[in-house]
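Just below is one structure, and these are the notes that go with it.
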Amino acid sequence: MKAHVMTSDIKEQTSKGFYAWSLLVLFTLTYTFSFVDRQVINLLVEPIKDDMDLTDVQISYLQGLIFVIPYVLLSIPIGRLVDVFSRIYVIISGILVWSIATMAAGLSGNYTQLAMARGLVGAGEAALTPAVWSMFPDIFNKSQLALAMSIFSMAPYLGAGIALIAGAQVIEISQSSPPIELPIIGTLQPWQITLIICGAPGILFALIYSCIKEPPRTATETQTEEAMPLSEAIGFMKKNWKVYLAFLGGSPFLIIMLYSIQAWSPTLLIRVHEWDISYAGRVYGIVALVTGSLGVLSSPLVAHVMNNLNLKGYPLLMLMMSTVLTALFLFIAGLQKDGMSCLIFLALASFFVTIPLPQLAVTLQTISPNKMRGLVAGIFVVTGNVMGMGLGPTFVAFFTENIFKDPMSVGMSMGLLGLVSAPIALVIYLNGYRDLLDITEAEK
């Protein structure tokens, strides 16, 4: 009888483990393709500029601000919705919105239509991160959480790389193929075809999620099944404001460098170093995919080493290290006269900028009560993306047009952004370091 019970327990644990890791694969693939839809426009800067006669600043709005405004406006409400409603249904709705909007962007005939479509892409993608983050502690135990978050955090870099590689291939095929003409729309340009193809897989993902059973929510003995009242959640964050400010207010200055690298590196290689668009997309796409993925996979290893060395408050120490090194390599990349040398330093910056991000996500979830995790994830999405994606690409374009006043200075503009962002971030990290030590000691 005892053997039978043990066998049943093993089967149950194995089944649960398979279900958890299967969900992780699905979450990661979904997140990857959301970033394909988000980032493919970075390869299409020059064709869209030429076709619509736009400036760098107008393009930067499409890369960042126009996407980010609906993204951040909806992130906290969706984060709250995630805490009280079906997280799977939230994800399905988001996928359908951003996928259809990406395909609509490919049918745009002017800047206004393209801007509206990009805004809807942002609105749809706001649903994914809070919903997935909220489910992670429900399907993984504490020992698995860091690895699971690191695998999931590979998705943006896989997506950014795939967007460039696939986009380059589609552009090359489109340029050598007969033009595609649609009624009313007219002839589709290669950049339009690229957007339509990138948006299509989302419909399949939505169908897959409709077959998924949502994991039950977990709670500690001191937590109820009801959502934490908003006033109580805000009160908890106020009590620990220095720590939350360090993670939610300091990390965006690292993320601003991340998005400037992703947004302008292809243009830097194409415009300044005169690389062909297809070649730049393939080569930089591989670099972005590999370095970004290696960075996030290194995160639990770096955290483990720091923890074994008894470096207290290591999540913030990881942020400090990465912020300084990313700014340094980004500045050096902008000084290079040779395209391959520039690519090497961009690769180093792309690697170090990603290392602390999975641990940042884990720390935010573990220091926050269960029924406010969605809210915290939503706030992180807001702060990270307002500064990172909303302002990063636009600051680079602004520096290029108004400080250096030379379109060939885009690399110097990226470097200047890093030199400005890093010192501010370090001050904010240090402000919250002591309180993080107190919280981690209290949890022991």
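Scanning region 349-373 for residues that are surrounded by fewer than 18 Cβ atoms within 10 Å (Cβ to Cβ) and under 23 Å from the mean Cα position of the chain (by Cα) yields one hit, T366.
Whenever a residue of region 310-332 is in the same structural domain as T291 (by the TED database) and of a type in the set (S, T, N, Q), its partners that are open to solvent by less than 20 Å² (accessible area, probe 1.4 Å) and part of a helix (DSSP H, G or I), lying with C-beta atoms within less than 7 angstrom and at least six residues away or across chains, give the pairs S322/L254; T323/L254; T323/A422; T323/A425; T326/L254; T326/M257; T326/A349; T326/G418. Each residue in region 156-196 was checked for being within 30 Å of I261 (Cβ to Cβ) and free of Cβ contacts under 8 Å to residues at least 60 places away in the same chain, and 4 of them qualify.
Restricting to region 118-131, name every residue that is small (G, A, S) and surrounded by fewer than 23 Cβ atoms within 10 Å (Cβ to Cβ). Reasoning before the result, please.
In the first step, residues of region 118-131 are kept if they are small (G, A, S); the result is 119, 122-124, 126-127, 131.
Answer for region 118-131, where residues must be small (G, A, S) and surrounded by fewer than 23 Cβ atoms within 10 Å (Cβ to Cβ): G119, A123.
Which of the following residues is touching a Phe, Trp or Tyr at 6+ places or on another chain (Cβ under 7 Å), among the charged types (D, E, K, R) and not assigned by the TED database to the domain that holds T400: D37, D50, D56? Answer to the selection: D37. State yes or no: is I91 assigned to a helix (DSSP H, G or I) and open to solvent by less than 10 Å² (accessible area, probe 1.4 Å)? In short, yes.
Just one of (1) of a type outside the set (S, T, Y); (2) surrounded by fewer than 17 Cβ atoms within 10 Å (Cβ to Cβ); (3) under 30 Å from P216 (Cβ atoms) fails for F33. It is (2). With respect to the conditions (1) open to solvent by less than 70 Å² (accessible area, probe 1.4 Å); (2) in the same structural domain as L346 (by the TED database); (3) at pLDDT below 90; (4) β-branched (V, I, T), I234 falls short on a single one, namely (1).
The residue that is farthest from G64 (Cα to Cα), among those in region 228-280 that are touching a residue at least 40 places away in the same chain (Cβ under 8 Å) and not in a helix (DSSP H, G or I), is M228.
Against the test of being surrounded by fewer than 20 Cβ atoms within 10 Å (Cβ to Cβ) and at pLDDT below 85, the options S153, S134, S176 yield a single qualifying residue, S176.
For D435, state whether it is free of Cβ contacts under 8 Å to residues at least 60 places away in the same chain and either surrounded by 24 or more Cβ atoms within 10 Å (Cβ to Cβ) or of a type outside the set (A, V, I, L, M) (or both).
On the way: free of Cβ contacts under 8 Å to residues at least 60 places away in the same chain: no; either surrounded by 24 or more Cβ atoms within 10 Å (Cβ to Cβ) or of a type outside the set (A, V, I, L, M) (or both): yes.
No: the conditions fail for D435.
The sole residue among I255, I212 that is open to solvent by 10 Å² or more (accessible area, probe 1.4 Å), modelled with pLDDT of 90 or more and on the phi < 0 side of the Ramachandran plot is I255. Here the condition is being in contact (Cβ under 8 Å) with a residue 24 or more places away in the chain and open to solvent by 10 Å² or more (accessible area, probe 1.4 Å); of V68, V57, it holds for V57 alone.
Of the residues making up region 143-171, those that are of a type outside the set (A, V, I, L, M) and under 12 Å from the mean Cα position of the chain (by Cα) number 5.
The values are calculated or read from the model by the stated rules, or taken from the named source; none is laboratory data. Not measured: the values here are computed from a predicted model. Every residue, glycine as well, gets a Cβ built from its backbone with ideal geometry; the counts of neighbours run over all protein chains shown. Heavy atoms of the whole protein, side chains included, go into the accessibility calculation; ligands, DNA and RNA do not. Shrake-Rupley method; radii C 1.70, N 1.55, O 1.52, S 1.80 Å.
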